[in-house]
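The values are calculated or read from the model by the stated rules, or taken from the named source; none is laboratory data. On a predicted model such as this, the values are computed, not experimentally measured, just so you know. Using ideal geometry, Cβ is built from the backbone for each residue, glycine included, and neighbour counts are taken over all protein chains shown. These area figures cover heavy atoms from the full protein model, side chains too; ligands, DNA and RNA do not enter into them. Shrake-Rupley method; radii C 1.70, N 1.55, O 1.52, S 1.80 Å.
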Amino acid sequence: MNIVIFGAPGSGKGTQSERLINRYGLHHISTGELLRDHIARGTELGKIADKYISQGQLIPDQLMVDVLADTLRSPKAQNAPGVIFDGFPRTVPQAQALAKLLESLGKTVDHVIGLEVDEDQLIDRMLRRGLTSGRADDNIDTIKKRLDVYHSQTAPLRQYYINEKKYRPIDGNPDVDTIAQSIDRAIAPK
Ligand code: ADP
C-alpha cells in the first residue's frame, strides 16, 4: 500500500503520517525532513535547499525527483509493506515522475489522502509550531509565501489525482484522532 499524504503547509501531514506508520508499518518518506536533515549536516544538497526553503520556494523539480528516487530505492523503502509519501509530490511534474518511478518498480500510488484545512487555521498552526520548531520557514512572511506557492503549484495536483480516482478528501480541521479515524475509513478495503 503506497500512500501520498497531500495538503497545504500546516495541514497536519507529518502528524497523520506518524500515525499511519505506527498502524500499518509503512516506511515514511518526508521530503521536508530529508532536506532539513541535509541542511543540518551542511551537505551540498543542504546548501542549495536552504536557499529555497528559507524563501518559502520549492526546490527545483529535477533535483527533488533525483533525491526522491534515491530514497525510494533504499532497502528500507523496498522492504517495507508500503511507503507513505509526505510532502512529495508537490507539483504535477513531480507526480508524473513518481508514477513512472513506481511503475518501474512494479508499484503504484494506491491512495492520495487530501487533508483539507481552512486557511486561517493553517496560519495559526504554523505560527504556533514556529514557537518551538526552530524551523526557519514558520514565520508569517514565509508562511504567506508558502501558501501562495501551494495555491499556484501544488493545489492543481488535487484535480490530477481526482482524475486518477485516487483522491480521498479528508476534513483536516478537527482534532488529530478524529482526522485519523476519517483516514482509516477512507483507506479501508471496500
Ligand atoms: P510544510 O508542508 O509545512 O511546508 P515540509 O516539511 O513538507 O513542510 O516542506 C518544507 C519545505 O521543503 C517546502 O516549503 C519546500 O521548500 C521544501 N520541499 C519539501 N518537499 C518538497 C518537494 N516535493 N518539492 C520541492 N520542495 C520541497
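Taking the criterion of being within 16 Å of the ligand (Cβ to nearest atom) and part of a loop (DSSP other than H, G, I, E, B), the residues of segment 74-90 that qualify are G87, F88, P89, R90.
Just a yes or no: is a residue in segment 11-21 among the polar types (S, T, N, Q), in contact with an Asp or Glu (Cβ under 9 Å, 6 or more places away or on another chain), assigned to a helix (DSSP H, G or I) and within 20 Å of P169 (Cβ to Cβ)? Yes, some residue in segment 11-21 is among the polar types (S, T, N, Q), in contact with an Asp or Glu (Cβ under 9 Å, 6 or more places away or on another chain), assigned to a helix (DSSP H, G or I) and within 20 Å of P169 (Cβ to Cβ).
Being more than 9 Å from the ligand (Cβ to nearest atom), outside any loop (DSSP other than H, G, I, E, B) and within 17 Å of the chain's Cα centre (by Cα) is a description that does not apply to A40. Among the residues of segment 25-70, which ones are open to solvent by 50 Å² or more (accessible area, probe 1.4 Å), of a type outside the set (D, E) and within 23 Å of Q96 (Cα to Cα)? Across segment 25-70, the qualifying residues are Y52, Q57, P60, Q62, L63. Within segment 84-102, residues that are more than 17 Å from A155 (Cβ to Cβ) and among the small types (G, A, S) have Cβ atoms under 6 Å from residues that are open to solvent by 10 Å² or more (accessible area, probe 1.4 Å) and near the ligand (Cβ under 10 Å from one of its atoms) in these pairs: A97/V65, counting only partners at least 6 apart in sequence or on another chain. Scoring A97 on the criteria (1) within 21 Å of M1 (Cα to Cα); (2) small (G, A, S); (3) over 17 Å from the mean Cα position of the chain (by Cα) leaves a single failure, condition (3).
Would you call V92 in contact with a Leu (Cβ under 7 Å, 6 or more places away or on another chain) and over 15 Å from I3 (Cα atoms)?
yes
Answer with yes or no whether L127 is surrounded by fewer than 19 Cβ atoms within 10 Å (Cβ to Cβ) and more than 13 Å from the ligand (Cβ to nearest atom).
no
Starting from residues that are in a helix (DSSP H, G or I) and of a type in the set (K, R), keep the ones in segment 130-168 and report whichever is surrounded by the fewest Cβ atoms within 10 Å (Cβ to Cβ). Only one residue tops the list, namely K144. In segment 2-27, the residues that are more than 12 Å from I84 (Cα to Cα) and within 16 Å of the ligand (Cβ to nearest atom) form Cβ pairs under 6 Å with partners that are among the basic types (K, R) and open to solvent by 10 Å² or more (accessible area, probe 1.4 Å), at six or more places apart or across chains, as follows: G7/K13; P9/R146; G10/R125. The C-beta contact set for segment 133-155 (first residue modelled with pLDDT of 95 or more, second residue among the acidic types (D, E), distance under 8 angstrom, 6+ apart or interchain) comprises I143/D137; R146/D137; L147/E119.
S30 - would you say it is within 12 Å of the ligand (Cβ to nearest atom) and at negative phi? Spell out how you get there, then give the answer.
Numbers: within 12 Å of the ligand (Cβ to nearest atom): yes; at negative phi: yes.
Judged against the criteria, S30 is a match.
Residue count for segment 48-73 under the criterion of being more than 10 Å from the ligand (Cβ to nearest atom) and closer than 14 Å to S30 by Cβ: the result is 2.
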